[in-house]
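Let me begin by presenting the structure, written as structure tokens, before commenting on it.
The values are calculated or read from the model by the stated rules, or taken from the named source; none is laboratory data. No experiment lies behind these values; they were computed from the predicted model shown. Using ideal geometry, Cβ is built from the backbone for each residue, glycine included, and neighbour counts are taken over all protein chains shown.
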Amino acid sequence: MAFLRSVNPLDTGPILHAGQVYLRTPQMSDFHEWVELRALSREFLTPWEPTWPRDDLTKGSFRRRLRRYVKDIREDLAYPFFIFDSDNGNIVGGLTLSNVRRGVAQSCSLGYWIGAPYARCGHMTAAARAVTPYVFRTLQLHRIEAACLPSNDASVGLLKKCRFRQEGYAHRYLRINGQWQDHLLFGLNEDD
């Protein structure tokens, strides 16, 4: 528990508001609601995500996840968020800005998941739109990249709706659901 007391408020990141959702950095108090939503959504998420570790839904695993998040934020490597419904405060999904690259690249990667009960309700579109100004104005990055399976129509639609351009195709790009799978590559530049 000493770890949790040592978290500086600056490590928890901002709260981003976007109409029907708000985003904030995950906290230990989110564990029970997060694990319930992830367990309920497991079958829905499995085709689109890396294979879950055996202990993924345990408190110990969640605590390790939070430690990594704090370290990543402090080192300007990644910025994780949980997405909450503005009306009732329920967790509806998650979004991470990862692989932050400074120097000549000034870019990051966008990853996300939505709980099964909240799919195709507009929550993720609102969340993705909320982080865009955060990336460009606050983090002062120039580019956001994203990738999704060609068969993930919902994700392709989300990225296009959020003004991402399809830029390429990566053969056996990421290990999803236990297999190396091809991905469509998308990008959004600050001046797009």
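Data overview
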{"read-out": "Criterion violated by Val135 - all others in (1) surrounded by fewer than 19 Cβ atoms within 10 Å (Cβ to Cβ); (2) closer than 18 Å to Ser109 by Cβ; (3) not hydroxyl-bearing (Ser, Thr, Tyr) satisfied", "value": "(1)"}
{"read-out": "Any hit, the range 125-144, residues being assigned to a strand (DSSP E or B) and of a type in the set (D, E, K, R)", "value": "yes"}
{"read-out": "Conditions (1) farther than 18 Å from Gly13 by Cβ; (2) modelled with pLDDT under 95; number of the one not met by Arg74", "value": "(1)"}
{"read-out": "Condition broken by Ile91, with the remaining ones in (1) more than 26 Å from Arg143 (Cα to Cα); (2) touching a strand residue (DSSP E or B) at 6+ places or on another chain (Cβ under 9 Å); (3) surrounded by fewer than 14 Cβ atoms within 10 Å (Cβ to Cβ); (4) not charged (D, E, K, R) satisfied", "value": "(3)"}
{"read-out": "Residue count for the range 118-132, restricted to those that are within 18 Å of Tyr79 (Cβ to Cβ), of a type outside the set (Gly, Ala, Ser) and surrounded by fewer than 21 Cβ atoms within 10 Å (Cβ to Cβ)", "value": "2"}
{"read-out": "Qualifying positions in the range 16-42 - touching a residue at least 12 places away in the same chain (Cβ under 8 Å) and acidic (Asp, Glu)", "value": "Asp30, Glu33"}
{"read-out": "Candidates Gly115, Gly187, filtered to the one that is buried (at least 16 other Cβ atoms within 10 Å of the Cβ), within 17 Å of the chain's Cα centre (by Cα) and closer than 23 Å to Glu43 by Cβ", "value": "Gly115"}
{"read-out": "Any hit, the range 100-121, residues being under 28 Å from Gln179 (Cβ atoms), in a strand (DSSP E or B) and touching a Cys at 6+ places or on another chain (Cβ under 6 Å)", "value": "yes"}
{"read-out": "Residue that is farthest from Tyr173 (Cα to Cα) [pool: residues in the range 138-160 that are crowded, with 19+ Cβ neighbours inside 10 Å, small (Gly, Ala, Ser) and without any contact (Cβ under 8 Å) to a residue 60 or more places away in the chain]", "value": "Ala146"}
{"read-out": "Subset of the range 162-182 [among the hydroxyl-bearing types (Ser, Thr, Tyr) and within 19 Å of the chain's Cα centre (by Cα)]", "value": "Tyr173"}
{"read-out": "Any chance Ser109 is free of Cβ contacts under 8 Å to residues at least 12 places away in the same chain and surrounded by 14 or more Cβ atoms within 10 Å (Cβ to Cβ)", "value": "no"}
{"read-out": "Matching residues in the range 165-180 - criterion: being under 22 Å from Gly115 (Cβ atoms) and either out of contact with any Ser or Thr (no Cβ under 7 Å at 6 or more places or on another chain) or without any contact (Cβ under 8 Å) to a residue 24 or more places away in the chain (or both)", "value": "Leu174, Ile176"}
